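The values are calculated or read from the model by the stated rules, or taken from the named source; none is laboratory data. The structure displayed is predicted, hence computed values, not measured ones. A quick note on method: Cβ atoms are made from the backbone with ideal geometry, for glycine too, and the neighbour counts reach across all protein chains shown.
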Amino acid sequence: MGTYGQYCPIAKGAEILAERWTPLIIRDVMLGAHRFNDIERGLPGISRSLLAGRLRQLVHADVIEQRPGERGGRVEYHLTAAGHELGQVVYRLGEWAARWVFRDPDPGDRDPVLLLWWMHGRINRELLPPRRVVVRFDFRRATKPHIWLVLERSDVSVCPTDPGFDTDLVVTADIADLYRLWLGRITFGAAVEDGLLEIDGPPALVRAFPRWLQWSPIAGAVRAAASAR
């Protein structure tokens, strides 16, 4: 971790938060990614060695702590009290960006696997039916046209390849529009009404589907910023 050589709280805080990838690591741990592999999946482009180094730095800075996993499993990473406070700084950074610099996604930002990974962590599993539900996402004009979510009350999985189960629902959308929906730039009802999002399947599951989804935690700030413009 580099230093500025300045005895100033802003400089000391920036030495931790301004490191590349660090705010996103804090974001993902704050949102429930506690295992190394889960954190890595939310950060496509980071190397495993760099992620390991950043986690060591955050543990050393007392922002993150290591805990034994359930039943003696792999180590988990959790925010400390200082980490939770720093997480609020990261969230405020997102609010600022939503207000001043956030627009529609650029082509390089449209990663369907990453978006489905974010969505899988925000499924309200308590509202799922007792049986497994398989949702196939068909992305228009995409190099990765099909991705599956396998929804169960015990677990939710992202499958870039066919999981081998019968498909219950098919969601068809442009990846940019699904990002806009996820982040609150458009509403679910408007997306369906305008033909940006299509859902095919048994009517009961089609009606229930939007209730299972909890949108991005920053979506409220994005909506508020859009309304203020």
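I need a count of the residues in the range 101-122 that are touching a residue at least 40 places away in the same chain (Cβ under 8 Å) and either more than 18 Å from the chain's Cα centre (by Cα) or not in a helix (DSSP H, G or I) (or both).
Qualifying residue count for the region: 7.
Quick one: would you say Arg136 is of a type in the set (Lys, Arg), surrounded by 12 or more Cβ atoms within 10 Å (Cβ to Cβ) and over 16 Å from Leu169 (Cα atoms)?
It is false that Arg136 is of a type in the set (Lys, Arg), surrounded by 12 or more Cβ atoms within 10 Å (Cβ to Cβ) and over 16 Å from Leu169 (Cα atoms).
Quick check: anything in the range 186-195 over 20 Å from Leu151 (Cβ atoms), of a type in the set (D, E, K, R) and surrounded by 19 or more Cβ atoms within 10 Å (Cβ to Cβ)?
no
Taking into account only those residues within the range 160-175 that are surrounded by fewer than 19 Cβ atoms within 10 Å (Cβ to Cβ) and among the hydrophobic types (A, V, I, L, M, F, W, C), which is farthest from Asp104 (Cα to Cα)?
Checking each candidate, the answer is Phe165.
Within the range 51-100, which residues are in a loop (DSSP other than H, G, I, E, B), in contact with a strand residue (DSSP E or B) (Cβ under 9 Å, 6 or more places away or on another chain) and surrounded by 13 or more Cβ atoms within 10 Å (Cβ to Cβ)?
Val63, Thr80
Scan the range 1-17 and tell me whether some residue there is in a helix (DSSP H, G or I), surrounded by fewer than 17 Cβ atoms within 10 Å (Cβ to Cβ), touching a strand residue (DSSP E or B) at 6+ places or on another chain (Cβ under 9 Å) and β-branched (Val, Ile, Thr).
Among the residues of the range 1-17, not one is in a helix (DSSP H, G or I), surrounded by fewer than 17 Cβ atoms within 10 Å (Cβ to Cβ), touching a strand residue (DSSP E or B) at 6+ places or on another chain (Cβ under 9 Å) and β-branched (Val, Ile, Thr), which makes the answer no.
So Pro68 clears everything in (1) within 19 Å of the chain's Cα centre (by Cα); (2) closer than 28 Å to Asp155 by Cα except one condition, right? Which one?
(1)
Please work out if Pro130 is within 21 Å of the chain's Cα centre (by Cα) and exposed (fewer than 14 other Cβ atoms within 10 Å of the Cβ).
So Pro130 fails the test.
I need the strands (runs of 3 or more DSSP E) fully contained in the range 148-229, keeping only those with at least 2 residues that are more than 15 Å from Leu116 (Cα to Cα).
Those strands (runs of 3 or more DSSP E) span 197-200.
Condition check: free of Cβ contacts under 8 Å to residues at least 12 places away in the same chain and closer than 20 Å to Pro217 by Cβ. Does Arg125 satisfy that?
For Arg125, the condition - free of Cβ contacts under 8 Å to residues at least 12 places away in the same chain and closer than 20 Å to Pro217 by Cβ - is not met.
Can you tell me which condition Ala142 does not meet? The list is (1) surrounded by 13 or more Cβ atoms within 10 Å (Cβ to Cβ); (2) of a type in the set (Gly, Ala, Ser); (3) assigned to a helix (DSSP H, G or I), and all the others hold.
If we test Ala142 against (1) surrounded by 13 or more Cβ atoms within 10 Å (Cβ to Cβ); (2) of a type in the set (Gly, Ala, Ser); (3) assigned to a helix (DSSP H, G or I), just (3) comes out false.
Look through the range 101-120, keep the residues that are at pLDDT 95 or above and of a type outside the set (A, V, I, L, M), and return whichever of them is surrounded by the fewest Cβ atoms within 10 Å (Cβ to Cβ).
Looking at residues that are at pLDDT 95 or above and of a type outside the set (A, V, I, L, M), I get His120.
Kindly provide the set of residues from the range 201-229 that are surrounded by 13 or more Cβ atoms within 10 Å (Cβ to Cβ) and over 21 Å from the mean Cα position of the chain (by Cα), ordered by number.
Hits for the range 201-229 are Gly201, Leu205, Val206, Ala208.
Scan the range 18-50 for residues that are outside any helix (DSSP H, G or I) and either in contact with a strand residue (DSSP E or B) (Cβ under 9 Å, 6 or more places away or on another chain) or surrounded by 14 or more Cβ atoms within 10 Å (Cβ to Cβ) (or both) and jot them down.
Glu19, Trp21, Leu31, Ala33, His34, Arg35, Gly42, Leu43, Ile46
Looking at Leu58, Leu31, which one is outside the structural domain of Ser157 (by TED's automatic domain parsing), under 26 Å from Asn124 (Cα atoms) and not polar (S, T, N, Q)?
On inspection, the qualifying residue turns out to be Leu31.
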